[in-house]
Amino acid sequence: MKTSNGVASSLLLRLDSRSHTPLHEQLFEGIRARILAGALAPGLRLPSSRQLATELDVARSTVLQALDALTAEGYLVAQAGSCTRVAPELPILSGDRSREPGRPAAARASSSGERGPRLAASARALKPTPVGAPRLGAAPRAFRPGVPALDLFPTALWARTVSRVHARASTGLLDGGDPSGHAPLREAIATHVSVSRGVRCSPAQVFITAGTQQAFDEVLRLALNRGDSVWVEDPGYPGARRAVLAAGGRPVPIPVDGDGLDVGAGLARAPRARVALVAPSHQYPLGVTLSLARRMALLRWAERTRSLIIEDDYDSEFRHRGRPLTALQGLDDAGCVVYVGTFSKSMFPGLRLGFLVVPPSLVDIFSAARAASPAPASTLEQAALARFLAEGHFARHLRRMRAAYRERGEALLDALVAEGSGVLAPRPCDTGMQLCASLAAPLSDLRVRDEAARLGVEVAALSDYFLGRRRDAGLVFGFGGVRPDDMRTGTRALARAIEAARRRDLRTSPPHPRGLPR
């Protein structure tokens with residue numbers, strides 16, 4: 001930009017006539033960027049609209065349209081019959097190098113840890129997704145955990161159900177409905193979980209949510225005061241820890257072994273914790289079941305301390321053989337358990353519908369909390385799901401999925417034994433759609449995960465699920481969305497990734513001192 005005696009003789013802007021962005025918008029953004037960067041100083045006089053039109057080879061009306069918009073937003077000041085100047089009161093600090101032209105906002109923020117809005121300590125404690133870890137939103141590959149068998153979902157049947165509901169939608173459905181959830185869906189869920197999971201409840205105890213995470217957030221915000229302790233499984237579901245931090249709580253990692261959450265360790269570490277967040281029927285990611293002795297110990301602790309237990313029952317309906325285990329809530333006589341379920345795993349993740357079942361003593365409190373909130377999810381989708389359950393389609397889908405997941409789980413176990421013998425030790429899997437395999441030392445599960453990602457295979461590193469001290473190395477496999485015939489292809493690629501990780505470890509290991517026995 002050229003200036004002389006407080007007048008900008010040229011703005012040195014370029015407009016792209018081939019761009020989809022209109023020319024006046026390009027000019028508006030170009031001038032505004034120079035003002036915000038400090039290249040056009042407050043009070044500086046701009047060239048006339050005719051001069052700018054000639055310089056940029058555009059119509060004068062294009063220039064006037066851009067200048068009018070800049071004036072309306074306060075960047076320029078125009079005087080009738082006179083010149084147009086940069087507004088003199090713009091809040092730009094002279095000498096502020098963070099406003100340098102062409103310097104991206106992200107670069108400015110990263111160059112100084114003090115820039116940007118201040119956040120709560122709970123937000124600063126959140127950890128970004130590790131490099132190479134599976135990310136939501138990307139197309140799933142073998143063996144991403146948590147992906148159901150979308151190839152087997154009855155899409156056409158669901159589409160017809162949704163279409164019928166939309167065609168016959170009442171005014172009440174279109175208006176948004178009950179904040180606690182669509183009444184027929186609450187009734188259908190109460191019936192389903194009482195039969196299939198042994199949950200004892202009435203429809204009034206059922207509250208519809210937008211998925212498991214929203215259910216955690218809602219319960220924890222009502223249960224916790226800032227700084228309250230919460231038992232979380234270690235290793236465990238990262239979303240549980242995030243919800244605790246977001247609600248102002250303090251997650252206390254409680255170790256998980258072959259019998260599930262170690263209640264004795266919880267009593268030693270935080271005996272007066274306000275909440276325990278557990279997945280007793282199928283722990284994630286280890287896949288173990290909370291033993292009956294520990295279930296009873298957990299319930300006794302909650303009753304004695306008047307604490308709350310959040311039971312995360314995300315996929316235990318997919319028990320491969322026999323009937324699903326009775327939910328912890330079905331053993332609760334003191335009203336300490338909030339049962340959380342989801343349809344994202346049993347149907348498809350895009351549905352974003354779940355539910356929670358609260359104890360009778362908490363129904364009024366949850367209803368009051370919901371009164372000032374909008375419906376948690378589309379009432380039309382809730383109505384479609386209610387019909388899907390009532391007409392028996394959901395129960396038939398579950399039966400089909402149990403058989404499919406048993407077949408896919410067995411195919412993955414066979415493939416891991418064939419391709420990973422001596423390196424991977426898969427844990428038994430009789431429920432759900434993922435399994436965990438221990439990794440032989442000294443291999444790093446993080447390095448294997450990253451090498452596998454380069455070869456087009458997604459596995460999760462067990463190390464990423466620990467909140468406290470990392471005790472084991474392993475890999476977490478999702479097999480729900482992988483056809484049996486594709487298992488061996490994925491495990492062969494994984495075997496190559498393990499070998500690549502082993503070679504990389506050897507190259508980066510420090511040399512062994514001479515004279516010492518190996």
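Quick notes on this structure:
- Zone of Leu331's modelled label, taken as backbone nitrogen in segment 295-312 under 16 Å from a point 7 Å along Cα→Cβ: 295-304, 309-312
- Ordering Gly227, Gln205, Ala167 by the projection of their Cα atoms onto the charge dipole of segment 155-228, which places +1 on the Cβ of Lys and Arg and -1 on the Cβ of Asp and Glu, puts Ala167 at the extreme positive end.
- For Val252, residues with placed amide H under 5 Å, excluding near neighbours: Val230, Trp231, Val232
- Peptides 51-59, 14-22, 169-177, 279-287 ordered by packing proxy, namely the average of other Cβ atoms within 10 Å per residue, highest first: 279-287, 51-59, 169-177, 14-22.
- Linear extension gain, Ala368 paired with Leu222, 0.36 nm per residue minus alpha-carbon span: 51.4 nm
- Order by protection proxy (mean Cβ within 10 Å, highest first), peptides 337-348, 195-206: 337-348, 195-206
- Alpha carbon centroid spacing (whole Å) that separates segment 377-429 from segment 244-273: 29 Å
- Peptide ranges 180-191, 29-40 listed from the most packed, as the mean C-beta count within 10 angstrom indicates: 180-191, 29-40
- The charge dipole of segment 444-495, taken about its Cα centre with unit charges on the Cβ of Lys, Arg, Asp and Glu (plus for the first two, minus for the last two), comes to roughly 140 debye.
- The phi torsions of segment 259-269, fed into the Karplus equation with coefficients 6.51, -1.76 and 1.60 and a -60° offset, translate into couplings of 9, x, 4, 7, 4, x, 5, x, 5, 6, 8 Hz, rounded to whole numbers, with Gly and Pro shown as x.
- Given charges at beta-carbon only (K, R positive; D, E negative), |dipole| of the chain in Debye: 1060 debye
- Each part gets one Cα centre, and for segment 7-86 versus segment 274-345 those centres are 64 Å apart.
- The length gained by stretching the chain between Glu391 and Arg14 to full extension, at 0.36 nm per residue less their Cα-Cα distance, is 129.4 nm.
- Farthest toward positive dipole pole in the chain [+1 Lys/Arg, -1 Asp/Glu at C-beta], among Phe153, Leu446, Met296: Leu446
- Calculated FRET efficiency for the pair Ser61/Leu292, C-beta based, R₀ 45 Å, to 0.05: 0.05
- Cα centre as origin, Lys/Arg/Asp/Glu Cβ charges: segment 377-472 dipole, Debye: 280 debye
- Working note: 222 nm ellipticity from helices only, DSSP H runs with n ≥ 4, each -39,500 (n - 2.57), summed and divided by the residues of the chain, gives -12000 deg cm²/dmol to the nearest 500.
- Among beta bridges from DSSP that stay inside the chain, the antiparallel ones total about 60%.
- For Trp158, the solvent-accessible surface with a 1.4 Å probe is about 30 Å², rounded to the nearest 10.
- Distance in nm between pseudo-label sites at Leu90 and Ser163 (7 Å out along the Cβ direction from Cα): 5.6 nm
- Ranking Leu467, Leu90, Thr342 by how far each Cα lies toward the positive end of the dipole of the chain (charges on Cβ) leaves Leu467 at the top.
- Diffusion coefficient of segment 229-286 by Stokes-Einstein, Kirkwood radius over Cα pairs, 37 °C, 0.692 mPa s: 292 µm²/s.
The values are calculated or read from the model by the stated rules, or taken from the named source; none is laboratory data. What you are looking at is a predicted structure, and each value in this text was computed from that prediction instead of being measured. Backbone-built Cβ (ideal geometry, glycine too); neighbour counts: all protein chains shown. For accessibility, only protein heavy atoms count, side chains too; no ligands or nucleic acids. Shrake-Rupley method; radii C 1.70, N 1.55, O 1.52, S 1.80 Å.
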